[in-house]
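These notes are about the structure you will find just below.
Values quoted throughout were computed directly from the atomic coordinates according to the rules given, and no laboratory measurement underlies them. Because the structure is a prediction, the values reported are computed rather than measured. With ideal geometry, Cβ positions are generated from the backbone for all residues, glycine too; neighbour counts draw on all protein chains shown.
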Amino acid sequence: MKKIYGVLAGVLATIVVVSFAFAADPLTINGAGATFPYPLYSKWFYEYSNANPGVRFNYQSIGSGGGIKQITAGTVNFGATDAPMTEESMKKLPGPILHIPTALGAVVPVYNLDGVPAGLKLTPDVLAGIYLGKITRWNDPKIAELNKTVTMPNADIVVAHRSDGSGTTDIFTNYLATVNTEWRAKVGRGPSVNWPVGIGGKGNEGVAGVVKQTPGAIGYVELAYAKQNRMKVASLRNKEGHFVTPTLEATSAAAAGMAKSMPDDFRVSLVDAPGKKSWPISGLTWILVYKDQKDEARGKAIVQFLKWAIRDGQKMEAALDYAALPKPVVEKVDKALRQISFRGKSLY
Amino acid sequence: MARKTGENIKDLVFERTTGAFAFLVLFLAVLLFAVLLRESLPALRKFGAAFLVTGTWDPVLEKFGALPFIYGTVISSFLAILIALPLSVGAAIFINEFAPPWMKTPVSFLAELLAAIPSVIYGLWGIFVLVPVLRDVLMKPATKYLGWVPLFKGPVYGPSMLAAGVLLSIMIIPFILSVSREVLATVPQRQKEAVLSLGGTRWEMLRIVIGQHCIPGIFGATILGLGRALGETMAVTMVIGNRPEALLSLFQPGYSMAAVIANEFTEAVGDVHLSSLVLIGLILFAMTFAVNLAAKAILTKMVARASRGI
């Protein structure tokens with residue numbers, strides 16, 4: 001019996017010591033949301049906390065929809081999303097919110113076709129035609145006339161798409177709806193849609209799995225995913241009529257092309273962006289923060305972190321296959337950060 | 001039971017405590033049902049009973065129906081039982097009655113090991129091994145020669161209702177196998193010897209003892225397997241093709257109830273979308289509940305008949 005009390009006392013003492021250690025612990029900032037920027041944010045949080053031991057982050061990558069729900073309910077200090085909030089969902093918020101762009105992503109068509117090298121040329125209408133189920137064979141004249149140097153195989157096109165709701169699908173369907181009127185009328189855009197044809201794979205890895213395992217398949221995945229898995233990537237004709245291969249530079253170019261017409265709240269889509277070098281299926285990812293912070297110390301820490309993220313943080317993007325924000329956009333974001341305040345006083 | 005004061009205070013406390021635990025289980029089930037019902041109310045109000053027979057699933061227009069998912073869950077689970085039942089009962093008979101002793105332990109150990117593999121591993125194996133093999137060896141020749149049969153109509157993609165059914169059957173074999181073995185082992189040795197001593201063959205012996213003794217147990221094992229198949233999520237979504245359409249051909253992609261919830265719940269932004277997903281969960285809950293209730297009723301009858309027979 002004595003032994004047990006001894007052990008119990010030991011455990012209690014440990015708990016007390018540990019809780020004191022936590023009490024003296026740095027400020028913890030809680031966030032939740034998009035999965036797409038999660039690898040980048042993890043790196044940022046790690047590097048930032050190393051340089052600023054007073055702040056620590058806790059981020060849950062539960063998806064953009066979840067991030068919006070959590071920030072609306074006020075259970076986290078910041079949210080993260082790949083799709084800007086709609087007017088309707090912003091009405092449910094307790095106060096005005098800011099969309100702070102942090103990085104750029106690109107969605108790319110990938111395919112599995114023996115005898116056809118990477119760089120298959122596609123136009124917006126051909127891509128939409130394939131996903132509408134109107135172009136069903138690889139040797140369709142509409143594809144063949146774009147790719148005169150290769151012999152297109154006489155094979156069925158197997159269309160693959162995401163089965164889970166995702167920001168990737170939102171960007172992809174937003175693109176198709178922007179460039180193709182039939183797609184806009186029949187299908188529309190969203191994190192999940194009613195696909196006219198095709199089979200669904202869960203996550204980037206699911207779509208990649210279908211494409212890799214099925215001869216004649218075409219799918220869409222995030223640029224980073226296609227690069228890391230060395231998949232055959234198509235090139236696409238952009239708004240200005242140039243065929244572009246998806247790269248980080250081409251993605252940043254899309255944001256630069258939109259910089260002039262970027263609205264002050266940054267709730268903008270980068271699909272079909274102007275610019276000769278722009279990759280047309282690009283998108284921003286945002287961190288959501290309330291304009292009026294309730295806690296001065298926390299609010300200040302968030303602003304300091306975001307200031308760092310759009311400056312030093314941008315240098316870490318390329319290594320992780322994210323495209324950095326172009327300079328004009330960074331300057332604009334910097335101005336927006338000054339609006340974050342505590343009781344009317346800017347926390348910048 | 002007469003209750004005395006003093007020493008029986010302990011008994012009373014014990015009884016009440018365990019009673020509370022039992023009540024907690026009941027309370028959890030009721031709570032689960034209540035929450036599912038409350039959260040699915042918006043969809044119930046909007047679509048009503050038509051939800052069960054509507055085939056459209058359009059998150060953009062917010063038009064939802066559960067038919068393709070109910071169909072996919074039922075067909076893939078049925079297919080799984082169809083394959084797994086004869087296989088596992090056959091294997092159980094062999095292991096118990098014919099297998100040499102050195103084989104019994106490793107085979108049954110490996111079979112039970114199959115039950116411990118996480119379903120996502122089954123799913124990955126499904127994508128990379130099962131689906132390509134089924135596609136090239138079975139589905140392509142079948143559509144070529146038997147394509148006029150509606151069940152085998154092409155085109156062949158790979159991920160399909162058939163792939164889901166086969167994968168599920170592999171996942172439930174361990175359950176049916178091990179319970180069937182237990183059931184076979186309960187047959188008294190004397191009865192088996194009696195049949196043999198009357199000049200019966202082994203086949204006759206098995207037919208008689210299984211017919212008399214084991215049918216209820218094997219039925220119970222099947223229901224256990226069915227329960228697992230109905231609710232399986234991860235492995236199914238990885239091979240079924242996730243296409244919300246109720247198609248007759250087994251080679252075409254389909255969708256299941258558990259899979260659509262797992263796929264769309266995190267990013268469902270619209271209230272009706274979210275509520276429709278919860279409603280599908282409620283239907284799945286009701287379905288598994290009904291299956292278990294029916295199984296219980298059938299089992300009671302079977303046991304009664306079996307005991308009368310002896």
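Does the stretch A:259-277 hold any residues that are under 17 Å from the mean Cα position of the chain (by Cα) and not charged (D, E, K, R), and which are they?
A:266, A:268, A:269, A:270, A:271, A:273
For residue A:233, work out the one condition from (1) within 14 Å of chain B (Cβ to nearest Cβ); (2) within 25 Å of residue A:319 (Cα to Cα); (3) crowded, with 18+ Cβ neighbours inside 10 Å it doesn't fulfil.
Among (1) within 14 Å of chain B (Cβ to nearest Cβ); (2) within 25 Å of residue A:319 (Cα to Cα); (3) crowded, with 18+ Cβ neighbours inside 10 Å, the lone unmet condition for residue A:233 is (1).
Within the stretch B:101-216, which helices (runs of 4 or more DSSP H) (wholly inside it) include 1 or more residues that are more than 14 Å from every other protein chain (Cβ to nearest Cβ), under 30 Å from residue A:136 (Cα atoms) and of a type outside the set (Asp, Glu)?
By residue number, B:140-146, B:161-185.
Give the residue that is farthest from the other protein chains (Cβ to nearest Cβ), with candidates limited to residues of the stretch B:231-253 that are crowded, with 21+ Cβ neighbours inside 10 Å and within 23 Å of residue B:40 (Cβ to Cβ).
Across the stretch B:231-253, the extreme among qualifying residues is B:232.
Is it fair to say residue A:134 is away from chain B (no Cβ under 14 Å) and under 31 Å from the mean Cα position of the chain (by Cα)?
So residue A:134 passes the test.
For residue A:244, work out the one condition from (1) surrounded by 18 or more Cβ atoms within 10 Å (Cβ to Cβ); (2) touching a residue at least 60 places away in the same chain (Cβ under 8 Å); (3) among the β-branched types (Val, Ile, Thr) it doesn't fulfil.
Among (1) surrounded by 18 or more Cβ atoms within 10 Å (Cβ to Cβ); (2) touching a residue at least 60 places away in the same chain (Cβ under 8 Å); (3) among the β-branched types (Val, Ile, Thr), the lone unmet condition for residue A:244 is (2).
Need pairs with beta-carbon distance below 7 Å; first residue more than 16 Å from residue A:75 (Cβ to Cβ) and within the stretch A:282-307, second of a type in the set (Ser, Thr, Tyr) and part of a helix (DSSP H, G or I); sequence gap 6+ or separate chains.
From residues that are more than 16 Å from residue A:75 (Cβ to Cβ), the pairs are A:282/A:251; A:305/A:48.
Name every residue in the stretch A:178-220 that is crowded, with 24+ Cβ neighbours inside 10 Å, assigned to a helix (DSSP H, G or I) and within 9 Å of chain B (Cβ to nearest Cβ), in order of residue number.
A:206, A:209, A:210
When the stretch A:151-177 is examined, which residues are found to be within 12 Å of chain B (Cβ to nearest Cβ) and part of a loop (DSSP other than H, G, I, E, B)?
A:155, A:157, A:163, A:164, A:165, A:166
Return the only residue of B:46, B:10 being more than 14 Å from chain A (Cβ to nearest Cβ) and either exposed (fewer than 10 other Cβ atoms within 10 Å of the Cβ) or in a loop (DSSP other than H, G, I, E, B) (or both).
Testing whether each residue is more than 14 Å from chain A (Cβ to nearest Cβ) and either exposed (fewer than 10 other Cβ atoms within 10 Å of the Cβ) or in a loop (DSSP other than H, G, I, E, B) (or both) leaves just B:10.
Taking the stretch B:95-119 only, how many residues are surrounded by 14 or more Cβ atoms within 10 Å (Cβ to Cβ) and of a type in the set (A, V, I, L, M, F, W, C)?
7
Kindly check whether there is at least one residue in the stretch B:117-124 that is touching a Ser or Thr at 6+ places or on another chain (Cβ under 9 Å), on the phi < 0 side of the Ramachandran plot and among the polar types (S, T, N, Q).
Yes, the stretch B:117-124 contains at least one residue that is touching a Ser or Thr at 6+ places or on another chain (Cβ under 9 Å), on the phi < 0 side of the Ramachandran plot and among the polar types (S, T, N, Q).
Would it be correct to say that residue A:315 is in a helix (DSSP H, G or I) and either aliphatic (A, V, I, L, M) or under 20 Å from residue A:258 (Cβ atoms) (or both)?
Here the answer is no, as residue A:315 does not meet what is asked.
Among the listed residues A:204, A:154, identify the single one that is without any contact (Cβ under 8 Å) to a residue 60 or more places away in the chain and over 22 Å from residue A:226 (Cβ atoms).
Exactly one of A:204, A:154 is without any contact (Cβ under 8 Å) to a residue 60 or more places away in the chain and over 22 Å from residue A:226 (Cβ atoms), namely A:154.
State all residues of the stretch B:254-273 that are at the interface with another protein chain (Cβ under 9 Å from one of its Cβ atoms) and in a helix (DSSP H, G or I); if no residue qualifies, say none. I'd like the intermediate steps shown before the answer.
Residues of the stretch B:254-273 at the interface with another protein chain (Cβ under 9 Å from one of its Cβ atoms): B:255, B:259-260, B:262-270, B:273.
Hits for the stretch B:254-273 are B:259, B:260, B:262, B:263, B:264, B:273.
Please specify each residue of the stretch A:269-298 satisfying the condition of being outside any loop (DSSP other than H, G, I, E, B) and either touching a Pro at 6+ places or on another chain (Cβ under 9 Å) or buried (at least 21 other Cβ atoms within 10 Å of the Cβ) (or both).
Hits for the stretch A:269-298 are A:282, A:283, A:284, A:285, A:286, A:287, A:288, A:289, A:290, A:292.
Conditions tested, residue by residue: (1) touching a residue at least 40 places away in the same chain (Cβ under 8 Å); (2) more than 14 Å from chain B (Cβ to nearest Cβ).
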residue	(1), (2)
A:39	yes, yes
A:42	no, yes
A:46	no, yes
A:49	no, yes
A:56	no, yes
A:62	no, no
A:65	yes, no
A:68	yes, no
A:72	no, no
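Within the stretch A:222-258, how many residues turn out to be under 18 Å from the mean Cα position of the chain (by Cα) and part of a loop (DSSP other than H, G, I, E, B)?
Restricting attention to the stretch A:222-258, the residues satisfying the condition of being under 18 Å from the mean Cα position of the chain (by Cα) are A:222-228, A:246-256, A:258.
Next cut, part of a loop (DSSP other than H, G, I, E, B) only: A:246-247.
Here the count works out to 2.
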